[in-house]
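To start, the structure under review is shown below, and the notes come after it.
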Amino acid sequence: MRKITKGLEPQELVAWKRKHPNSRYNDLPDNEEGSTVRQAIRRDAYKEQFGLCAYCCKIIDGTSRTTNNEHVVAQALAPNRTLDFSNIVASCTTKGRCNEERKSQPLSLTPLMDGCETELRFKISGKVEGLTPRATDSIKVLGLDTRAIREERKQMVDSLIVPDDLNGLQLIEDELLTDLLNDFQYPVNGQLLPYSPVLINILKQFLAI
């Protein structure tokens with residue numbers, strides 16, 4: 001995960017809530033008006049996240065095909081917050097992962113919390129482990145340590161960090177590791193590299209940051 005800082009609500013959502021003050025997310029109609037509001041929520045969440053899924057950090061494109069409007073506190077658990085933009089993030093639609101795996105289960109650690117970047121530890125193998133009970137729980141709830149996602153992370157690590165073993169990475173000078181870290185931290189044209197928070201996490205371990 002990468003810490004998400006929520007911004008202002010999309011104007012389309014503000015206008016809808018003004019017209020329908022007691023409405024909920026599921027009250028958005030299946031017509032052009034409802035679609036416009038859902039797309040605006042997805043668009044702004046996507047921009048805040050620099051094109052990455054809020055949970056697994058794979059690339060999403062901001063369309064309904066790859067991207068869900070995901071309620072951090074599930075709609076069933078907080079029915080009065082379903083149209084609260086501060087409770088909505090953009091999640092991928094990958095089967096067996098993230099929103100699709102989580103359903104309405106509560107999340108102990110979310111991408112809105114600072115700990116989401118420090119309580120998970122990623123390895124070159126692609127595996128992730130929780131450093132706290134709430135991190136371990138969220139990994140399980142979101143399906144963030146399946147064989148498939150481990151392989152996706154490993155391929156990205158192999159292609160961008162290059163060395164394929166621990167000793168190889170340790171031999172890279174700290175200056176180069178710092179340069180790589182900077183490359184992964186900052187978006188280019190509003191887009192971060194896929195799984196960049198994973199790569200940052202690994203590099204910080206070697207730089208002892």
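Since every read-out is calculated from the coordinates, none of them should be taken as a lab result. It should be emphasised that the depicted structure is a prediction, and the values quoted were computed from it without experimental measurement. Don't worry about glycine lacking a Cβ; one is built from the backbone with ideal geometry, like all the others, and counts go over all protein chains shown.
Numbers below:
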{"quantity": "Filtered residues of segment 7-64 (kept if under 30 Å from I149 (Cα atoms), hydroxyl-bearing (S, T, Y) and loosely packed, with under 14 Cβ neighbours inside 10 Å)", "calculated": "T63, S64"}
{"quantity": "Selected residue [in contact with a Leu (Cβ under 9 Å, 6 or more places away or on another chain) and not β-branched (V, I, T)] from S64, S108, S138, S125", "calculated": "S138"}
{"quantity": "Unique residue being of a type outside the set (D, E, K, R) and within 18 Å of I4 (Cβ to Cβ) when the list is A148, A135", "calculated": "A135"}
{"quantity": "Residues being closer than 27 Å to L109 by Cα, part of a loop (DSSP other than H, G, I, E, B), of a type in the set (A, V, I, L, M, F, W, C) and touching a helix residue (DSSP H, G or I) at 6+ places or on another chain (Cβ under 8 Å) - total across segment 9-53", "calculated": "1"}
{"quantity": "Candidate set: segment 101-125, residues that are touching a Gly at 6+ places or on another chain (Cβ under 9 Å) and not hydrophobic (A, V, I, L, M, F, W, C); chosen: the one farthest from A74 (Cα to Cα)", "calculated": "R121"}
